[in-house]
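Here's the structure we're looking at; comments come further down.
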Amino acid sequence: MTEQDRAYLAQVMIEIDDEVRRRRASGDLPARVERELDELFLEHSPVAGRGGGLGEALRMVDAAAFIDPVVPVGSNKSGGAAVKKGLRSLNLWYIGYVTHQVSQFASAVSRSLHLLDDRVAELRRQLDAQEVPAAPVVVVSEDGAWWAADAAKALAGAPGRVLHTACGDGWLVRSLAGDGIDAYGVDPRPGKTDDAEAVGGGGGDLREEGVLDHLGAVESGALGGVVLDGVVDGMSHGERQQLLRLLGDRLAPDGVLVVHSLTPAAWDADDAPPEADLAPGRPLRPATWSHLLGTLGYSVTVHPGSSATDYLVVAVLDTPR
Amino acid sequence: MTSAAGTAGPAVHQFVPALIPRDATGSHTLLLRQALRDAGWRSDIFAEATHDELLAESIPLDQYPQHAAPGDVLVYQLSTSSAVAEFLLARPEPLVLDYHNITRPELSEAWDPEPARRSAEGLRQLADLAPRSVLGLADSRFNEDDLVAAGCPRTAVVPVLVDLDRLVAPADRRTADRLAAAKATGGADWLFVGRVVPSKAAHDVVKALWAYRRLYDPAARLYLVGSTPSNRYLASLRAFVADLGLQEAVRITGEVSDEALAAHFEAADVYVSMSLHEGFGVPLLEAMQVGVPVVARPAGAVADTVGDAGLLLDRTDPTTVAAAVHRVLTDRALRDRLVAAGRDRVVVHSLADAGRRTVEAIATVAGAGNVTGVRP
């Protein structure tokens, strides 16, 4: 390469660097975005065990378990490689003895980790076989449902905000707001809360979230009332216990709990929603709710539906927590 | 099996772990055998494993003792670990190491521990073989440094044997038509040729393409041409491409025929290499042969191979690579200069010249008197 060629290419590189600086300064492609590109690839990379889980980490342990006693002898200094090689030859018997033991130790650790991995994998397989699916949302109520008036009456004067679960397009939230009650809703079904836009006027404060997740994040005593609608019917016993535990803490004193549920008979009927067959649990009888909530310190009133397919339970938390 | 030239007297035989078609080492081995035979030597290839396409070109390794003759010189094509190394260590004949470099284990161990283990073993075998050899041949200064460090008593740098004419042969029409149809929709065509493995860092080329599309040319495409031996890396690369929304812009072709490769080079506007490790970089030479400008990370022997015939980037962040590619594609004078310099460099690597120089180097340890006719 001639000096002229070298100078020309150097000038081109300077101009490319200027272009890069100009692009970055203009915000066309900030350095932050380049970092995000690197991080994005790292998410797919096993480097440092990221993205690969335990199996990937174990592969790295395996790869590192062998300690190489043959030290590289490359050197930039004249004669350096020969000196290093001589030193390596002199020490290899000793280093080899030590590294052999270290390698054996590392292999034993690696083997132990693999055994643990196998054991965890087996446990996971067994747990997967026994996994209880989350309760489905089974909503049969809609705007104008028979029980909405009873619920509104019970919630009037609730000591705080009122939460409606499986709120859909926010029909009950809007209705309660019309009665002067500060209500909001949550619904875990994707896109359901977006339906509020379609019905016009907005649905108020609606969030795409499950009831247990939401209650888990709410402060103690922050809720004046909760309307459990569409969520308790197919709950497993464990989920229901967790829900009642959270409600007992999140409801303010004199807070109101409204439970709308299908009856067990409606759940077993031929025209029951398909989720009924797939749910981990089945609806409680009204008397069971009365018993359960009564033992938790609620004053309970049951409102049976006229068609015997559903009912409403109104419970007021009237004992000090 | 093709017969060796002559039937008696000493020979220069080559030994290779695996003889594979369209593989740089495999092609080099076949071309060197031809150069040796043209120079009057008896020469055969002994392989531990041979691809079906080349079964007629090699002899199983364990049959060498039946072919051995006093005065034989054994040339080992060394690019990975293999049982061939142990076999040769036990042989009394003079040994020439023709070293094509071994990818450093640390570049792949997090992805593929087994290839990394093989690389580490290969480096150990190099350390065992080098002091035992009479000559080490390297196709770059970078590789020669390894041979010297490993203890080769004598080394020489000779060009790798590449049949660049195969790229000026008629391109595969079907591939060419497909590439032409894509090009007709606009956008520059980037090309990288090499195994899709972590050390070749195709993901860095993808990052640069993403930046280039965002800054300069939203219709640009990238073709990654080469075998895909690392399923783990390939899956990660594909997922990364999908995350960036580049599924339509990035094509991972897998291994292709020489004719299809010629079509890719014919269609390419720029050759971009972000490889982290190159012992020589045959595809860089191929790009220069067909007049495709090169933008590359100067890793390993890349600077030796490319010289002033490409833009070698000290910084390889996506924006810099994108800006360099943009400059090459929009600055006609620069492009012409790089292409012309590339063609000059290719002359140094002409097959006839490379073959002659390699045979001459081997002859210095095999006894020049055995050479009956070195052809230029």
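Candidates A:THR263, B:LEU222, B:THR358 compared by Cα position along the dipole of the protein assembly as shown: farthest toward the positive end lies B:THR358, with charges placed on Cβ.
Taking a straight line from the alpha carbon of A:LYS153, these lysines sit under 27 Å away, with near neighbours fewer than eight places off in the same chain left out: A:LYS192. 3J(HN,Hα) along region A:143-149, derived from phi through the Karplus expression 6.51 cos²θ - 1.76 cosθ + 1.60 where θ = phi - 60°, amounts to 3, x, 4, 4, 8, 4, 5 Hz, with x in place of Gly and Pro. Amide H contacts of A:CYS167 (H built 1.01 Å from N, in plane; Pro and chain starts excluded): A:VAL186, A:ASP187 sit under 5 Å, all sequence-distant by 5 or more or on other chains. Pair-distance distribution of chain B: all C-alpha pairs, bin width 10 Å, starting at 0; shares per bin in whole percent are 5, 23, 32, 23, 12, 4, 0.
What's the whole-number percent of alpha carbon pairs in region A:140-236 lying beyond 24 angstrom? In whole percent, the long-distance tail amounts to 15.
Does region A:113-168 classify as rounded, prolate or oblate by the C-alpha gyration tensor (a ≥ b ≥ c root eigenvalues; a/c under 1.5 gives rounded; else a/b over b/c gives prolate, otherwise oblate)? Here region A:113-168 falls in the prolate category. In percent, rounded to a whole number, the relative contact order of chain A is 13, using alpha-carbon pairs under 8 Å and six or more apart.
Expressed as an acute angle from 0 to 90° and rounded to the nearest 10, what is the orientation of the C-alpha long axis of helix A:31-43 relative to the principal long axis of chain A? With rounding to tens, the tilt is 80 degrees.
The order of the peptides A:281-293, B:132-144, B:112-124 by mean Cβ neighbours within 10 Å, most packed first, is B:132-144, B:112-124, A:281-293.
Take the Cα of A:LEU113, step 7 Å toward its Cβ, do the same at A:ASP150, and the gap between the two points is 6.1 nm. In terms of overall dimensions, the C-alpha atoms belonging to the protein assembly as shown reach 113, 61, 50 Å along their principal axes, ordered largest to smallest.
Close amide H partners of B:ILE59, meaning residues 5 or more places away or on another chain with modelled amide H under 5 Å apart, are B:ILE45, B:PHE46, B:ALA47. Each other residue within a Cβ distance under 14 Å of A:VAL71 adds +1 if Lys or Arg and -1 if Asp or Glu, for a net charge of +3.
The magnitude of the dipole of chain B, with charges of +1 and -1 set on the Cβ of Lys/Arg and Asp/Glu and taken from the Cα centre, is near 700 debye. Taking amide hydrogens as placed 1.01 Å from N in the peptide plane, the amide H of B:VAL73 sits under 5 Å from those of B:ALA11, B:VAL12, B:HIS13, each at least 5 positions away in sequence or on another chain. Dividing the mean sequence gap of close Cα pairs (under 8 Å, 6+ apart) by how many residues region A:148-317 holds gives a relative contact order of 21 percent. Extending 7 Å from the Cα toward the beta-carbon at both A:ILE14 and A:SER306 defines two label points whose distance is 9.1 nm.
Count, for each residue of B:222-234, the Cβ atoms from other chains sitting within 10 Å of its Cβ, then give me the mean as a whole number.
Taking all residues of B:222-234 together, the mean is 1.
Computed across region A:148-317, the Kirkwood hydrodynamic radius from all distinct Cα-Cα pairs reaches 16.1 Å.
Ranked by the mean number of other Cβ atoms within 10 Å of their residues, highest first, the peptides B:22-31, B:76-85 fall in the order B:76-85, B:22-31.
When the helices of the protein assembly as shown are scored as -39500 (n - 2.57) per DSSP H run of n ≥ 4 and the total is divided over every residue, the value at 222 nm lands at -14500 deg cm²/dmol. Using bins of 10 Å that start at zero, the share of Cα-Cα pairs per bin across region B:164-348 amounts to 10, 40, 41, 9, 0, in whole %. For A:ALA82 and A:SER26, the difference between the fully extended length at 0.36 nm per residue and the C-alpha to C-alpha distance is 14.8 nm. According to the square roots a ≥ b ≥ c of the eigenvalues of the Cα gyration tensor, what is the shape class of region A:4-151, taking rounded for a/c under 1.5, prolate for a/b larger than b/c otherwise, and oblate for the remainder? Since a/c reaches 1.5 but b/c is at least a/b, the shape of region A:4-151 is classed as oblate.
Helix B:24-38 versus the longest principal axis of chain B: what is the Cα-based angle in degrees, 0 to 90, to the nearest 10? In chain B, helix B:24-38 runs at an angle near 40 degrees to the longest axis. Distance distribution P(r), region A:234-291, all Cα-Cα pairs, bin width 5 angstrom from 0: 4, 16, 23, 25, 16, 9, 5, 2, 0 percent. Net length available on complete extension from B:GLU114 to B:ASP62 is 16.2 nm, with 0.36 nm assigned per residue and the Cα-Cα distance removed. Among A:TYR97, B:TYR64, A:TYR8, the ranking by other beta carbons within 10 Å of each residue's beta carbon, starting with the fewest, stands as A:TYR97, A:TYR8, B:TYR64.
Normalising the Debye intensity of region B:238-301 to I(0), with uniform scatterers on Cα atoms only, and taking log10 at q = 0.13, 0.16, 0.21, 0.23 Å⁻¹ returns -0.44, -0.66, -1.04, -1.13. When only the Cβ of Lys, Arg, Asp and Glu is charged (+1, +1, -1, -1), the dipole of chain A relative to its Cα centre reaches about 1940 debye. Which one, B:GLY186, B:VAL96, B:TRP41, projects farthest toward the positive side of the charge dipole computed for chain B from Cβ point charges (K/R +1, D/E -1)? The one lying farthest along the dipole's positive direction is B:GLY186. Computed over neighbours whose Cβ is under 12 Å from that of A:GLU15, the net charge equals -1, Lys and Arg +1, Asp and Glu -1.
With the convex hull drawn over the C-alpha atoms of chain A, the volume per residue is 273 Å³.
Taking Cα atoms only, the orientation of helix B:318-330 departs from the longest principal axis of chain B by about 90 degrees.
Seen through its C-alpha gyration tensor, with square-root eigenvalues sorted a ≥ b ≥ c, region B:243-376 comes out prolate because a/c lies at 1.5 or above while a/b is bigger than b/c. Electrostatic bookkeeping for B:VAL206 treats Lys and Arg as +1 and Asp and Glu as -1; over the other residues with beta carbon under 11 Å from its beta carbon, the sum is +1. Beta bridges assigned by DSSP with both partners in the protein assembly as shown are antiparallel in approximately 20 percent of cases. The charge dipole of region B:1-158, taken about its Cα centre with unit charges on the Cβ of Lys, Arg, Asp and Glu (plus for the first two, minus for the last two), comes to roughly 420 debye. The mean sequence distance of close C-alpha pairs (under 8 Å, at least 6 residues apart), as a share of the length of region B:164-348, puts its relative contact order at 25 percent.
Bear in mind that the values in this text are calculations on the coordinates, not laboratory data. Note that this is a predicted model, so its numbers are computed, not measured. A quick note on method: Cβ atoms are made from the backbone with ideal geometry, for glycine too, and the neighbour counts reach across all protein chains shown.
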